[in-house]
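Asks: Have a look at the structure that comes next, please.
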Amino acid sequence: MSTLAKPLIIGLAGTFASGKDSLVRHLEEKFNIKHISTGDIVRTYAQEKYGSIERPVLYKTANELRETKGAGILSKLALEQYESYRESYPGGVCVSGFRAWAEAEEIRKQGGLIVFTDSPVKTRYIRTISRARDGEKFNTFEEFREREAKENGEVNSEFSISGIKPRADVILDNDTELPEFLKQAEKALGLS
């Protein structure tokens, strides 16, 4: 495991099946960087408040948190959570799962770097079909594109995965084999 000179703070966003989870696992294993998912934070709140983690309940819970505690609350909670892991993960923290620019800004305020992963839509569709997780089931490519359009929002929206990409510090295009993608990511993040 490599030791970094100072802890990194990374905010990781990206399109579905573009390599986020693979990158996070790599950062944890090789650089001792703690992964904290804002989605996990929302699931915890939803389970406690509503006894459910179904997709509509998760949307409702995330929106309630943002409305009552501020637009960047999920990233703020993730960074606060990291404090209890700091000794065990001196490499830093990678916060993933955020979907709003205010959440990215919260990471930047703490000195973080915003990283966005992307891949061609056909490649991501094939990856999604092959991994078949979290109830992701698409019978057609068109169904995949419809869900993605609905969840990604408008490019100029403040609540939009695609709205984060043009403002990211690092954009990683993942249209290659995993080892090459991870190598490119290390270089872009200044880790190699």
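Quick note: the coordinates plus some simple rules give every number you see, no bench work behind them. Keep in mind the model is a prediction, meaning the values are calculated, not measured. Quick reminder, even Gly has a Cβ in these numbers, built from the backbone with ideal geometry, and neighbours come from all protein chains shown.
Asks: Quick check on the exposure proxy: order VAL115, VAL24 from fewest to most C-beta atoms within 10 angstrom.
Replies: So the ranking, lowest neighbour count to highest, is VAL24, VAL115.
Asks: Counting Lys +1, Arg +1, Asp -1, Glu -1, what net charge surrounds GLN47 among other residues with beta carbon under 11 Å of its beta carbon?
Replies: So the surrounding residues net to -1.
Asks: Test of understanding: in a Gaussian network model of the chain with alpha carbons linked when under 10 Å, which of ALA100, ALA62, ALA13 would top the mean-square fluctuation ranking?
Replies: Ranking ALA100, ALA62, ALA13 by mean-square fluctuation puts ALA62 first.
Asks: Based on other C-beta atoms within 10 Å, arrange SER22, SER192 from fewest to most. Spell out each step's value before the answer.
Replies: Details: SER22 17, SER192 11.
Placing the least packed residue first, the sequence is SER192, SER22.
Asks: Applying 1/(1 + (r/R0)^6) with R0 = 30 Å to the Cβ-Cβ distance of THR140 and LEU178, what FRET efficiency is obtained, to the nearest 0.05? Show your work: numbers first, answer last.
Replies: Values: r = 26 Å, r/R0 = 0.87.
Efficiency, from the Cβ-Cβ distance: 0.70.
Asks: What does the convex hull of the Cα atoms come to per residue for the stretch 8-184, in Å³? It would help to have the intermediate numbers written out before the result.
Replies: Numbers: hull volume 21.0 nm³, N = 177.
Hull volume over Cα atoms, normalised by residue count, gives 119 Å³.
Asks: Report the chymotrypsin sites (Phe, Trp or Tyr not before Pro) located in the stretch 12-91 that are in a DSSP loop and have at most 15 other Cβ atoms inside 10 Å of their Cβ, or state none.
Replies: TYR85
Asks: Using the beta-carbon distance between THR44 and LYS187 and R0 = 41 Å, what value does 1/(1 + (r/R0)^6) give for FRET efficiency, to the nearest 0.05?
Replies: Plugging the Cβ-Cβ distance into 1/(1 + (r/R0)^6) gives 0.75.
Asks: Place a label point 7 angstrom from the Cα of THR68 along the Cα-to-Cβ direction, then list the residues of the stretch 80-99 whose backbone nitrogen is under 13 Å away.
Replies: none
Asks: Using the beta-carbon distance between ILE171 and GLN81 and R0 = 25 Å, what value does 1/(1 + (r/R0)^6) give for FRET efficiency, to the nearest 0.05? Show your work: numbers first, answer last.
Replies: Working: r = 26 Å, r/R0 = 1.06.
It comes to 0.40.
Asks: In the chain, once you exclude exposed trypsin sites (Lys or Arg not before Pro) (DSSP loop, at most 16 other Cβ within 10 angstrom), what's the longest stretch remaining?
Replies: It works out to 1-85.
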